[in-house]
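The values are calculated or read from the model by the stated rules, or taken from the named source; none is laboratory data. Since we're looking at a predicted model, the values are computed, not measured. Quick reminder, even Gly has a Cβ in these numbers, built from the backbone with ideal geometry, and neighbours come from all protein chains shown.
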Amino acid sequence: MPSVDKLSEKVFSILAKRMESKEPCGLSAGLLDLDEYLGGGWNRQELTYLVGDSGKGKSWLASYFMLQGAKWLCEHPGVRPMTGYLENMDSQVVSRVRDKQSKIPIIVLWSLEMSEIPVVVRLMTQATAMKTGMNLDSALIKQGKYTRSGETEEVRGERQRALSEGYGILHTSFGPHLYVIFNDHNVTDFRKSMDELSLKYDICLVVIDYFRLIQEAESDGSIPSAQQEKSSELKLLAKEYDTHVLSIFDINRQGQIAKKVDLRHMRGGVAAQYDADVVLMLSWGEEIKEDEHPINVHVVLTLSKNRFGQWHQFDLTMNLMSGKIEPYYIGDHSTLPKGDEWKGDLDG
């Protein structure tokens with residue numbers, strides 16, 4: 001139980017080292033503006049909720065964040081987001097994540113909704129879009145097809161080559177930094193998996209797809225109480241494993257009717273938002289009316305809550321076949337992004 005003078009001395013020493021360190025404060029989200037507003041990316045010991053309606057691209061965006069994080073780790077060997085713990089603290093929690101520099105940094109997906117094939121197909125099609133720029137239809141690929149009826153063998157060959165490139169980068173470069181857990185249904189079981197992984201790996205980011213499917217903890221039987229219990233457990237996960245937890249979160253019926261996404265529309269009540277360090281809201285803008293890209297949509301990512309008290313909106317284009325995400329442009333796409341707000345680069 002340190003006094004503030006001793007604690008401040010220790011913190012000041014750590015801050016001085018951070019000023020000189022090449023390690024980032026957090027793991028990159030792949031969008032430079034978002035990284036800035038998050039305080040350096042996905043910071044350890046923080047909890048984020050990505051909130052939106054069903055079918056609006058939350059899982060696509062979450063897997064994009066995973067791939068961009070894996071890309072950053074791949075391109076910066078030996079470097080990882082800074083720990084959230086003070087040096088020389090002696091506790092069971094710290095011992096679980098000690099010696100991070102000797103461990104491989106990874107990102108963990110806890111998939112409660114999708115099984116192996118759809119998860120990997122999504123990651124492959126997104127990796128393909130990042131590598132080649134080609135938007136492959138993930139639903140088609142999942143069926144083991146490259147073309148639809150009536151399309152030529154030339155088109156088939158082109159798509160097959162693109163997918164091979166995407167697979168190569170996912171398998172060789174990004175894959176070693178990505179782990180997926182499928183069979184855990186509650187936080188207690190998930191902790192056991194995290195314990196096993198943390199013996200060998202430095203878990204930088206945990207993505208949960210998604211919150212509502214986590215089996216309920218003990219509560220008084222009310223939905224808000226169960227939600228609060230699960231949310232508190234996720235907050236503890238972030239702290240005890242010195243990682244960032246990003247969980248997908250549904251909106252309620254009122255939000256669906258109003259066609260709005262805000263803090264009031266978090267499904268099961270708003271109790272969970274109080275645990276969150278960051279709340280991101282995902283909604284659709286208008287569809288982009290272009291014959292060659294009929295399934296591109298303008299999505300709006302709103303930073304509704306963070307510890308810095310800043311609100312911000314990011315306008316993006318999402319391809320609903322491949323999950324490709326890029327800045328949203330007006331008209332012929334030759335102008336700056338809407339609101340001149342997006343200044344990042346697709347590949348982070």
### Pairs where the first residue, in segment 232-255, is in contact (Cβ under 8 Å) with a residue 24 or more places away in the chain and the second is among the aromatic types (F, W, Y) and crowded, with 23+ Cβ neighbours inside 10 Å, C-beta under 7 Å, 6+ apart
H244/W42; L246/W42; L246/F65; S247/Y49; F249/Y49
### Task
Just need a number here: residues in segment 181-217 that are of a type outside the set (A, V, I, L, M, F, W, C), in contact (Cβ under 8 Å) with a residue 60 or more places away in the chain and out of contact with any strand residue (DSSP E or B) (no Cβ under 6 Å at 6 or more places or on another chain).
5
### Query
For segment 221-233, does any single residue satisfy the condition of being of a type in the set (S, T, N, Q), surrounded by fewer than 16 Cβ atoms within 10 Å (Cβ to Cβ), within 30 Å of K100 (Cβ to Cβ) and over 18 Å from the mean Cα position of the chain (by Cα)?
no
### When residues of segment 136-173 are limited to those that are within 26 Å of the chain's Cα centre (by Cα) and of a type in the set (V, I, T), the one surrounded by the most Cβ atoms within 10 Å (Cβ to Cβ)
I141
### Flag for L61 being in contact with a strand residue (DSSP E or B) (Cβ under 7 Å, 6 or more places away or on another chain), farther than 28 Å from I251 by Cβ, modelled with pLDDT of 90 or more and not in a strand (DSSP E or B)
no
### Query
Which of the residues belonging to segment 253-308 are small (G, A, S), modelled with pLDDT of 70 or more and out of contact with any Lys or Arg (no Cβ under 8 Å at 6 or more places or on another chain)?
G285, S304
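Just wondering, is there one or more residues in segment 145-153 that are in a helix (DSSP H, G or I) and either of a type in the set (S, T, N, Q) or within 30 Å of M321 (Cβ to Cβ) (or both)? So that I can check it myself, show each step before the final result.
Filtering segment 145-153 for residues in a helix (DSSP H, G or I) gives 153.
Remaining after also requiring either of a type in the set (S, T, N, Q) or within 30 Å of M321 (Cβ to Cβ) (or both): 153.
Within segment 145-153, one or more residues are in a helix (DSSP H, G or I) and either of a type in the set (S, T, N, Q) or within 30 Å of M321 (Cβ to Cβ) (or both).
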#### Entry: Given (1) closer than 20 Å to Y241 by Cβ; (2) out of contact with any Gly (no Cβ under 6 Å at 6 or more places or on another chain), index of the condition L205 fails
(2)
### Message
Restricting to segment 29-54, and then to whatever is part of a loop (DSSP other than H, G, I, E, B) and either more than 21 Å from I107 (Cβ to Cβ) or touching a Lys or Arg at 6+ places or on another chain (Cβ under 8 Å) (or both), can you tell me which residue is modelled with the lowest pLDDT?
### Response
S54
### Task
Return yes when A129 is of a type in the set (A, V, I, L, M), touching a residue at least 24 places away in the same chain (Cβ under 8 Å) and surrounded by fewer than 16 Cβ atoms within 10 Å (Cβ to Cβ) and no when it is not.
no
### Query
With V207, V187, V180 as the choices, which residue is within 20 Å of L123 (Cβ to Cβ), crowded, with 16+ Cβ neighbours inside 10 Å, touching an Asp or Glu at 6+ places or on another chain (Cβ under 9 Å) and among the β-branched types (V, I, T)?
V180
